[in-house]
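Only one structure is covered here, and it is reproduced in the block below.
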Number of protein chains: 2
Amino acid sequence: MNKAEKKFREHLKREGLKSTPERMVILREVLSAKKHFNADELYESIHKHNKKVSRATVYRTIPLLVECGLIIETLRCQGRVSYERTFGFEHHDHMVCLGCGKIIEFKDDRLEELQTQICERYEFKQVEHRLGIRGYCKECVVKRLDKG
Amino acid sequence: MNKAEKKFREHLKREGLKSTPERMVILREVLSAKKHFNADELYESIHKHNKKVSRATVYRTIPLLVECGLIIETLRCQGRVSYERTFGFEHHDHMVCLGCGKIIEFKDDRLEELQTQICERYEFKQVEHRLGIRGYCKECVVKRLDKG
DNA sequence: TTGTGATTGATAGTCATTCTCAATAAAAAA
DNA sequence: TTTTTTATTGAGAATGACTATCAATCACAA
């Protein structure tokens, strides 16, 4: 049992919920998921490994993982909610290329500091923040120039 | 005919699209809309003024207004896309209170500058950016303390 | 072991949004 | 001014991501 599983089990117990095998399967899949994933991708990934967990169960488990702090909701892609792991990862932000859909992750301590100051200015107690920048990666900038 | 309408008409013409009365009605409503609105609110607002424009037309027109730079998509509220005017407004960002839903708008030039630098670092040509901070406003912080 | 209530699976339901298509209309061309 | 072209409309059907339902099962506390 790894740390993430332990964290999840404790969270479930604290909330008066049960640690079912399905929930553990989903967690395991999340821990090996690619960087950004949506509910459907997670469901399919589980099924690719011959684990039979219903789609509804996947959807139901996601908010539990979010509450537990193991994953967060991140950039929407094609209007769909997507998630990424937070367990063992540092907070970061994203640039999304409108051309090719590439996601560039970045972290800048100055940004973190500035956000903290801004929140203090408004006496706002921050829980989470997200910066999303949309535009064109360098490859697409070149491509768009070529196209005229 | 005001500047926004002129801008919209020119954009439509440039794109080989038509300036229909319905589109102008929708634009007028957008210009008098409250700060943040969703498609349904816009539709209802139009109907409150006895203007008969179909819901589908409202949905169809929104992306045109976005392309034209008159409105932008902004914070999602209850999973629904919401919009706000950009015409005649400065870019700003949002803090959303998880307690009461209040939206605090803010602008900080240091943030704008930093984002520009970050984009330069990655050679990313920025089209738009959004920072959303979620947490608790000072009233809700107090309320939550009271509750224990 | 028993009892309780959470959880599952699979499908029906929901709802914001988009699609369809015949009729209409904006605007360019004649 | 009239005709032509094609974009656009309205209204309801369709879509699809996500949630609700419910009988059966199961995790876990006693």
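The values are calculated or read from the model by the stated rules, or taken from the named source; none is laboratory data. No experiment lies behind these values; they were computed from the predicted model shown. Positions of Cβ are backbone-derived with ideal geometry, glycine not excepted, and every protein chain shown enters the neighbour counts. SASA here: full protein model, heavy atoms, side chains in, ligands and nucleic acids out. Shrake-Rupley method; radii C 1.70, N 1.55, O 1.52, S 1.80 Å.
Numerical summary
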read-out: Residue order for A:Arg28, B:Arg60 - accessible surface, 1.4 angstrom probe, largest first; value: B:Arg60, A:Arg28
read-out: Sequence ranges A:14-24, A:87-97, ranked by mean other-Cβ count within 10 angstrom, highest first; value: A:87-97, A:14-24
read-out: Cysteines without a disulfide-compatible neighbour (Cβ-Cβ under 4.7 Å), chain B; value: B:Cys68, B:Cys77, B:Cys100, B:Cys119, B:Cys140
read-out: Largest-first ordering by accessible area, 1.4 Å probe, given options A:Asp108, B:Asp109; value: B:Asp109, A:Asp108
read-out: DSSP beta bridge pairing in chain A, given as percent antiparallel to the nearest 5; value: 70
read-out: Largest-first principal axis extents of the Cα set of the range B:4-135 (Å); value: 46, 40, 22
read-out: Shielding by partners - mean other protein chain Cβ count within 10 Å, residues of B:116-122; value: 4
read-out: Fraction of accessible area attributable to carbon and sulfur, the protein assembly as shown (%, probe 1.4 Å); value: 51
read-out: Low-density loop cleavage sites - GluC sites (Glu not before Pro) in the range A:97-128, where at most 15 other Cβ are within 10 Å (DSSP); value: A:Glu123
read-out: Fraction of antiparallel bridges per DSSP, the range B:91-148 only, in percent to nearest 5; value: 50
read-out: Antiparallel DSSP beta bridges within the protein assembly as shown, as percent of all bridges there, nearest 5; value: 80
read-out: Rounded accessible area of B:Cys100 (nearest 10 Å², 1.4 Å probe); value: 70
read-out: Average other protein chain Cβ within 10 Å of Cβ, residues B:133-142; value: 4
read-out: Net charge dipole size for the range B:1-57 [Lys, Arg +1 and Asp, Glu -1 on Cβ; Debye, nearest 20]; value: 240
read-out: Inter-part distance where the range B:69-126 and the range A:88-135 are each reduced to a Cα centre, Å; value: 11
read-out: Two-site FRET efficiency, A:Glu139 against B:Cys100, from Cβ-Cβ distance with R₀ of 41 Å, rounded to 0.05; value: 0.40
read-out: Chain B, dipole about Cα centre (Lys/Arg Cβ +1, Asp/Glu Cβ -1), debye to the nearest 20; value: 640
read-out: Residue-normalised accessible area of the range B:79-148, given per residue in Å² at a 1.4 Å probe; value: 57
read-out: Net lengthening on full extension, B:Ser32/B:Ser19 (0.36 nm per residue, minus Cα-Cα); value: 2.7 nm
read-out: Lys/Arg +1, Asp/Glu -1 at C-beta; chain B dipole; positive extreme among B:Gly79, B:His94, B:Tyr43; value: B:Tyr43
